[in-house]
Each structure stands twice: as structure tokens, then as C-alpha cells.
Amino acid sequence: MAEVLVHVDHADGAVRKPTLELLTLARRLGEPVALALGAGARETTAVLAEHGATRVLTHEASEYADYLVVPKVDALRAAVAAVSPAAVLVPSSAEGKEIAARLAIRIGSGIVTDAIDVEAGAEGPIVTQSVFAGSYTTKSRVSLGTPVITVKPNSAPVEPAPAAGTVAELAVGFSDSTRGTRITERIPRRSSGRPELTEAAIVVAGGRGVNGDFTVLEALADALGAAVGASRAAVDADWYPHAQQVGQTGKSVSPQLYIAAGISGAIQHRAGMQTAKTIVAINKDPEAPIFDLADHGVIGDLFEIVPALTAEARARKG
Amino acid sequence: MTLKIVVSVKYVPDAAGDRTFADDFTVDRDEADGLLSELDEYAVEQALRIAEAVEDAEVTVVTVGPEDARAALGKALSMGADNAIHVEDDDLHGTDAIGTSLVLAKAIEKTGFDLVVCGMASTDGAMGVLPAMLAERLDVPQVTLLSEVSVHDGAVIGRRDGDAASERLQAALPAIVSVTDQSGEARYPSFKGIMAAKKKPVETLDLDDLGLEGDELGLAGSYTVVEAAAERPARTAGVIVKDEGEGGKQLAEFLAGQKFI
Ligand SMILES: Cc1cc2nc3c(=O)[nH]c(=O)nc-3n(C[C@H](O)[C@H](O)[C@H](O)COP(=O)(O)OP(=O)(O)OC[C@H]3O[C@@H](n4cnc5c(N)ncnc54)[C@H](O)[C@@H]3O)c2cc1C
Ligand SMILES: Cc1cc2nc3c(=O)[nH]c(=O)nc-3n(C[C@H](O)[C@H](O)[C@H](O)COP(=O)(O)OP(=O)(O)OC[C@H]3O[C@@H](n4cnc5c(N)ncnc54)[C@H](O)[C@@H]3O)c2cc1C
């Protein structure tokens, strides 16, 4: 059976959820072979095996933390040579897309980015993309080389599927080009304790209408176990960190539920949330375009509605 | 010595218009007005700031695109770039990212560079891959997705705000950078700038000039095929209620009905 290479995204051995979703998709195409790199790579293997990896290739070296992007491309290149996979799946983070892009050039293959679904096809994997701010859905495929596909978070369920997960060390050679861009300092982002924005099942987002005070939204988010997002207007006003921005130049999210409060629904914002399953809008302007997307909309003052909803949610939770 | 800066910009359909696909699944350029991708204005801005901070610099803007793409170059020139290169060829119709990066790399190599500045992503394809592809093809460091960038003593320094951390990056020139919309507001062209732009040189190149064959590019040479494109069905109209004091409660009931609470 054909093998499918999956690039593992992990933090010191803790595998991030999108990688497990990739394993679900990879199993539709063949036998998943996972590649884990950098500090903690060997700690990823048990989780990867539980979710379907028949083999796990690892490589630990300081280069992965010290230099931007290229060391990981070198390793993927080596893994492609060793495995001859039917496809390569990479999480669609900013870094993941850059790694995939360089790999595609290096192995002379086509690339499709930001997949929201991947299925097996007669001529190779069929990739579904949501484009033009979510207004179109396309189906594409790579027609030359080994398909390189980056997949957005929340595009597939995480499914336990125990497999052998045989661990092997991958041999990776680095060159001068590998060390072109040095990471001279790294300041980790402080965790809010809430779910990761792109991975969360529920996102509560606020915009200019929040008027500087995100605590009402944070209270709702905590009652729902949700992540907090923000429009660019709220981020530009320094009310919330840029890392939490949703939209074209922020994060793209596909949660089960997206609650937009005090957000008008500009096209650039919609680009980052239109694929959410259920959309709720709270806005005092009945003409706000966000209502065109809403499954349930409330016209009114968010400072009245959100606290009432939070209280109800807490009460029902008991 | 002149610091040679090349800014790579894309001409895109206006996101505010009706963006659609033509019968061959390429972007329908007749249905929406085109313009310089807004995210590439940040690239032009940073290139101009870097040029202003050194003794001697030249800023060249380059685009790969149809005849109308000249408008994108015009905008960049009116902001203050010195000259422009327009790569245009009928055989480019339908080129994917692999092909576009090949053409751009050839054009950038031909004109020569110390620094290439790109936007973080286009506003239509929005792949965010071209800068990394250019670095791979040109075999120079990639210093990408910067919210802060400067050039000192033959090196580029920048800050990249990633998912897990904020990183300081450093690489020797020549290098490829891309900048985000956090890097600093782009200037508006002045009247003087607009007038001056009309006299600035724009060189037009075709595939022949770059030593490329038509069948390597366009739909024929593409590494990817689009098999279908469908307009997303309009979301079924939701229930919109006016808050008369019970809005929060009604919303809670809706969410309970959907098993969210
Ligand atoms: C190249 C480019 C990229 C961009 N990228 C992004 C992006 O990634 N993400 C993004 O979000 N935007 C992005 N934008 C900006 C986008 O165009 C909008 O300007 C932005 O989304 C507006 O944010 P907003 O909805 O919070 O503010 P506004 O449009 O000002 O809307 C505020 C809303 O709050 C409502 N309101 C006010 N007070 C209350 C209240 N008390 N109760 C209830 N409702 C209230 C108002 O009725 C209004 O509808 C981008 C723009 C460009 C040009
Ligand atoms: C909706 C849609 C989906 C697409 N999906 C795919 C796909 O999955 N795979 C694929 O191979 N192709 C795809 N394409 C084609 C691809 O968009 C083009 O080949 C494009 O030239 C490169 O990708 P991008 O626009 O996403 O650029 P990005 O990688 O997002 O652009 C980043 C930066 O590169 C520079 N740049 C980009 N294009 C040009 C240009 N023409 N001239 C000068 N500088 C430029 C700019 O500085 C820009 O800010 C898609 C196109 C569309 C419209």
C-alpha cells in the first residue's frame, strides 16, 4: 500500500491537534508515515502511532530551533527520498506553508495550500479549498510530481486508529544554505490558558464595538470553553494581541461555533471565519453585513446581550 | 555602492468587487476591477524606508501579470519606486505558484538584487508561498513574515511574530524578505509622485527575454489542475431577532438547541 508522509507539528514533543487531523486524512490516501523534527521529536511517537502512523521518522538537531524554515525542508526532502510517498501533508500554518512551498520546488512537484478536505482520487488526491473569502469552493489536484498539500486546522476529525508506529531515525544532511537565516532570539507567547484560536471548537470574537473592554467576551469564552478572537480594528486599537486576530491577515478559523460581537463583517474579516459551521452575530446595527452570514443574530447592545448569555451558559452548565 | 532593492508586487481583482472564475477556472479578470494587492503596498513602503535609510539605493518594482497589471506598477512608482519591470506573455495565462516563482526568479536574477521585498500573501490566491519559493530558487536566505525590518552593514534584521513565539531573525544580503500588514502604514502617493511616475522607466519582458519556453508555463505547464469551482451556496438565512431584553436568553436557547451549552 502507498505511504503518505505527514509533517508533524509539535511543541517539545506535544503533538498539536492539526497533525492528528492530518493523520485522519492521510489514512484515506494510504499508510501514514510521520516525520517529527527537533527537540522532543522522539516523545511524539506514541500519540502518532495511536492515530494511525505505521512508521515514525525522527531527527533531533539544534538547527531546527536555530535557523528559519530551511532545516525542516532539508529533513522533509530526505524523508521524501527515503519513503517515496504518494503525497506529503503539512499543517497549514504560516511556517508549514513556507516549508511545503520550498519542498515542492526542491522535489519538482506541484503544491496546493489551505485544503479544507482531501479525498483519494483516480489521478491522485483531490483537494478542496475555500477561496475568495469563502465565497467559492474549488477542487484541485497536483498533476506533476509528488502532491504537496497543506491542510487547514479543523478540516478533519481526530480519530484513534492504533498502528505499529515503528520508530526510525532519519539521516538528514545540512548545508550552508540551511544556516542562511539565524534565529537570534525567541520570545515565547504567553499562554492565555484558553484553547488555541485555530484549533478551538468555539470562538468568541470581538471588534470595534467592544470599545476597549474584552473582559465581557473573555467571561463568555470561559463559560463556553472557547478561544477569544478579535477583528483587525480591535487589534489595531491595541485592545487585543495580534496573535488573536481573525481574518485575511490574521488567523483563519473553522470552529463549530463562531460568535461575533461588535464586528461589522468586512470581507477581510469574513475571509478568516466564513467556514465556521454555525455563526452567531451580535450587533446594534441591523444593516451590518455580518448578519448575512449569521445562523442566529441579535440586534442590540453587546454589553447587555453578552453578559446575559454568559449567565445563562453558566447556569445551564450548573 | 548602490543597494539594489527589488519589490515584487501582484495585480489582483478588487476584493470589494465580484470575484469569479472564467470557464477555464482561472481568475475572471473582466468581472472585477484590478489593483495593486493592498498587502504589497506594505512591501513597497518598507522598501522605500530601507532605501531612504541608506546613502544610495535603487528600488525596482516587478510584476508578472497581464497588460492591465501595469496599473499596479504605476501605483508603486507613484509611491516612490524608481523603475519597474513588467513580465507579460500570453503563455503565462493560468500559471500556478510553481510557474510564477520560476518566472519571477528569472526576472529578479536578470535585473540583479541585494534585497527582494515581498508582501505576506496576495489578496486573491493568498497562498503566502511565493517569497519562500523565490528564496529556494535563488538560493539566498529567506527572512519572511516580518512585522519589523531593517538593513545594517550588509545584513537584514527583522522580527517575525509566529504562532508560538516572536523571533528575531538575521541574515546576510542578498536575501528575500516578506513583510506583514503590521510593518507600518503605507504612504499615499503625492500629486508630485503621481506626476513623476509617468516619466519613470517601465521595462517589459516576455518569456523569450527570460530564456523560458511557453509550454513550461501557463495552463499547459501547470503542476496543478483545478477540476471544479463552485460558488458556495448562500448560507440558509438565519433567524435575526431584535433584543427587547430577552436577546441573551433567546441566544442561550438557540445554543442549547445546537448542544453548545
Ligand atoms: C489588506 C487588508 C487586510 C485586512 N485584514 C483583516 C483581518 O485579518 N481581520 C479583520 O478583522 N479585518 C481586516 N481588515 C480590516 C477590515 O476591512 C475592517 O476594517 C475590520 O474588519 C473592521 O473591524 P470591526 O468589524 O471590528 O469594526 P467596524 O467595521 O467599525 O464595526 C464595528 C461594529 O460594531 C458594532 N457595534 C458598535 N458598538 C456596539 C455595541 N455596543 N453592541 C453591538 N454592536 C456594536 C457596529 O454597529 C459595527 O457594525 C483588513 C483590511 C485590509 C485592507
Ligand atoms: C483562489 C486561488 C487559489 C489558488 N490556489 C493555488 C494552489 O493551490 N496552487 C498553486 O500552485 N497555485 C494556486 N493559485 C495560483 C497562484 O495564486 C498564482 O500562481 C500566484 O501567482 C502565486 O500565488 P499567490 O497569489 O497565492 O501568491 P502569494 O504567495 O500569496 O504571494 C506572496 C507575495 O509574492 C509576490 N507575488 C505573488 N504573485 C506575484 C506576481 N504575479 N508578480 C509579482 N509578485 C508576486 C507578492 O509580493 C506577494 O505579496 C491560486 C490562485 C487563486 C486565485
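Placing +1 on the Cβ of every Lys and Arg and -1 on the Cβ of every Asp and Glu, with no other charges, gives region A:109-206 a dipole of roughly 420 debye about its Cα centre. Of the beta bridges in region B:3-221, as assigned by DSSP with both residues counted there, near 40 percent are antiparallel. Take every Cα pair under 8 Å whose residues are at least 6 apart in sequence, average their separation, divide by the length of chain B, and the relative contact order is 23 percent.
Eigen-decomposition of the gyration tensor built on the alpha-carbon atoms of region A:202-317 gives equivalent ellipsoid semi-axes of 19, 15, 14 angstrom, largest listed first. Taking every C-alpha pair closer than 8 Å and separated by at least 6 residues, the mean separation divided by the residue count of region A:202-317 gives a relative contact order of 25 percent.
Candidates B:Gln182, B:Gly99, B:Thr63 compared by Cα position along the dipole of region B:3-221: farthest toward the positive end lies B:Gln182, with charges placed on Cβ. Relative contact order of chain A, taken over Cα pairs closer than 8 Å and 6 or more residues apart, is 15 percent. The charge dipole of the protein assembly as shown, taken about its Cα centre with unit charges on the Cβ of Lys, Arg, Asp and Glu (plus for the first two, minus for the last two), comes to roughly 1520 debye. Determine, at each q value in 0.21 (inverse angstroms), the log₁₀ of I(q)/I(0) that the Debye formula gives when each Cα of region B:10-135 is one equal point scatterer. Each listed q maps to, in turn, -1.38. Toward the positive end of the charge dipole of region A:170-318, with +1 on the Cβ of Lys and Arg and -1 on the Cβ of Asp and Glu, the farthest Cα among A:Ala171, A:Leu217, A:Gly247 is that of A:Ala171. The share of Cα pairs per 20 Å bin across the protein assembly as shown, counted from zero up to the longest distance, runs 21, 54, 24, 1 percent. Largest first, the residues B:Leu219, A:Leu23 sort by 1.4 Å accessible area into B:Leu219, A:Leu23. When each of the peptides A:300-311, B:203-214 is scored by the mean number of other C-beta atoms lying within 10 Å of its residues, the order from highest to lowest reads A:300-311, B:203-214. Per-residue shielding of B:93-103, expressed as the average number of other chain Cβ atoms within 10 Å of the residue Cβ, stands at 3. If R0 is taken as 45 Å, the Cβ-Cβ distance between B:Glu203 and A:Ala39 corresponds to a FRET efficiency of 0.40. Neighbouring Cβ atoms from other chains, within 10 Å of the Cβ of residues in A:289-299, number 5 on average. Take every DSSP beta bridge with both residues inside the protein assembly as shown and express the antiparallel ones as a percent of the total, to the nearest 5. If I count the DSSP bridges inside the protein assembly as shown, around 35 percent turn out antiparallel. Net charge dipole, chain A: roughly 280 debye, given to the nearest 20, about the Cα centre with Cβ charges of +1 for Lys and Arg and -1 for Asp and Glu.
Working out 0.36 nm times the residue gap between B:Arg187 and B:Thr236, then minus their Cα-Cα distance, what length gain in nm do you get to one decimal? Net length gain for the segment: 13.5 nm. Among the residues of B:128-139, the average count of other protein chain beta-carbon atoms within 10 Å of the residue beta-carbon is 6. Which entries in the list A:Lys284/A:Lys317; B:Lys4/B:Lys200; A:Lys17/A:Lys317; B:Lys106/B:Lys200; A:Lys17/A:Lys152 go over 19 Å, if you measure between the two C-alpha atoms of each? In this structure, A:Lys284/A:Lys317; A:Lys17/A:Lys317; B:Lys106/B:Lys200 exceed 19 Å between Cα atoms. If you wrap the tightest convex hull around every Cα atom of chain A and split its volume per residue, you get 138 Å³.
The values are calculated or read from the model by the stated rules, or taken from the named source; none is laboratory data. Nothing here was measured: the structure is a model prediction, and the numbers come from that model. In this analysis, Cβ positions are derived from the backbone assuming ideal geometry, glycine residues included, and neighbour counts consider all displayed protein chains. These accessible areas exclude ligands, DNA and RNA; they are computed on the full protein's heavy atoms, side chains included. Shrake-Rupley method; radii C 1.70, N 1.55, O 1.52, S 1.80 Å.
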